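The values are calculated or read from the model by the stated rules, or taken from the named source; none is laboratory data. Because the structure is predicted, anything quoted here is derived from the model rather than measured. So basically every Cβ, Gly included, is an ideal-geometry build from the backbone, and we count neighbours across all protein chains shown. Protein only, heavy atoms only, side chains kept; ligands, DNA and RNA dropped before computing areas. Shrake-Rupley method; radii C 1.70, N 1.55, O 1.52, S 1.80 Å.
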Amino acid sequence: MPLRDLALGLGVVAIWALNIIVIKLGVAELPPLLLTTLRFVLVAALLVPFHPVARHQLPFLALLSLTFGTLHFAMLFIGLEQAEAGTGALLVQMGTPFATLLAVLFLKERLGPRRLAGLVLSFAGIVVLAGGPTLPAPLPTALLLVSALGWAISQLLIKQGPNVPPMALAGWVALFATPQVALGSWWFEQGQIDALADAGWAAWGAVFYTAVMSSILAYGVWYGLLRRHPVNRVVPMVLLVPVLAVGLGVVLLGDGLGPHKLIGGGLVVAGIGLIVLRLGGRKAPAEATS
């Protein structure tokens, strides 16, 4: 890979890792579902007018908005409100093992010894994390794992569904997900008007960053790399995202870095590495991280 493209790939990794930190700062000022709603509104406004889709693709995109928009993103934002950034990033990476299991169960894909070892390492990492002090309470832990499951289900739907360009998919999923998450905010959250009135640079910066930097700019660059290079040269860089997110959480937010996080996180990343490298020659997922 040319040095310029390698630098672009590492820049995308940095954007995605910092995205976890930005979400943490955002949900400190805005209710998480409200923040998710604002993110979707901005993504849809910036993408939908310029990326039309065929009418027959709309039901698929509406379904994907449930699994990807609401189940993945909404649960991610809620879970990160109560979890350390690095630990949350590691839990969400379980989307890859979940997707592998779902593909074996529903698409009859062959597991093979290498991917089986990856699954064992990934789930062993979660067990190790569970024994440490940084794992959040059961509810946010469950929400982050549900977010990972929503990502995994979405990947299977994308693999089996119509071929929608990445930016069109992101925009229309955001459009369909906006009323779902807005209704959830209205039903479950309180003080939205006051929160908006009191929101500072961290909250509005989080809306901009998660929508423009993480979803539009980073994925635009990422898919440019996938068009120019084999998947197995690009996708392994995703393994750096949780590693960098853990480091940023320690440096910027004062998160703990004990042996359970180091060992458990290392097992999770190693397991995902075995799975991702095994899948290197296949179609790349629509989104590799949050």
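Within the stretch 225-244, the residues that satisfy the criterion of being more than 13 Å from residue 10 (Cβ to Cβ) and either crowded, with 22+ Cβ neighbours inside 10 Å or touching a helix residue (DSSP H, G or I) at 6+ places or on another chain (Cβ under 8 Å) (or both) are 226, 228, 229, 232, 235, 242.
Can you tell me which of 254, 265, 247 is in contact (Cβ under 8 Å) with a residue 24 or more places away in the chain and more than 15 Å from residue 13 (Cβ to Cβ)? On inspection, the qualifying residue turns out to be 265. Looking only at residues in the stretch 25-49 that are under 14 Å from residue 193 (Cβ atoms) and assigned to a helix (DSSP H, G or I), the one that is most open to solvent (accessible area, probe 1.4 Å) is 38. Screening residue 212 with (1) within 22 Å of residue 51 (Cβ to Cβ); (2) more than 17 Å from the chain's Cα centre (by Cα); (3) open to solvent by 20 Å² or more (accessible area, probe 1.4 Å) gives one miss only, at (2). Looking across the stretch 102-116, the residues that are within 23 Å of residue 263 (Cα to Cα) and either open to solvent by 40 Å² or more (accessible area, probe 1.4 Å) or β-branched (Val, Ile, Thr) (or both) come down to 113, 114, 116.
The residues on offer are 110, 4, and the sole one that is outside any helix (DSSP H, G or I), more than 17 Å from the chain's Cα centre (by Cα) and either without any contact (Cβ under 8 Å) to a residue 40 or more places away in the chain or under 20 Å from residue 187 (Cβ atoms) (or both) is 110. Do you know which residues across the stretch 181-209 are open to solvent by 80 Å² or more (accessible area, probe 1.4 Å) and either within 18 Å of residue 77 (Cβ to Cβ) or touching a Phe, Trp or Tyr at 6+ places or on another chain (Cβ under 6 Å) (or both)? 183, 186, 187, 188, 190, 204, 208, listed by residue number.
When residue 149 is tested against the conditions (1) within 18 Å of the chain's Cα centre (by Cα); (2) hydrophobic (A, V, I, L, M, F, W, C); (3) crowded, with 21+ Cβ neighbours inside 10 Å, the lone failure is (3).
Scanning the stretch 56-76 for any residue that is open to solvent by 40 Å² or more (accessible area, probe 1.4 Å), of a type outside the set (A, V, I, L, M, F, W, C) and out of contact with any Ser or Thr (no Cβ under 9 Å at 6 or more places or on another chain) turns up at least one such residue.
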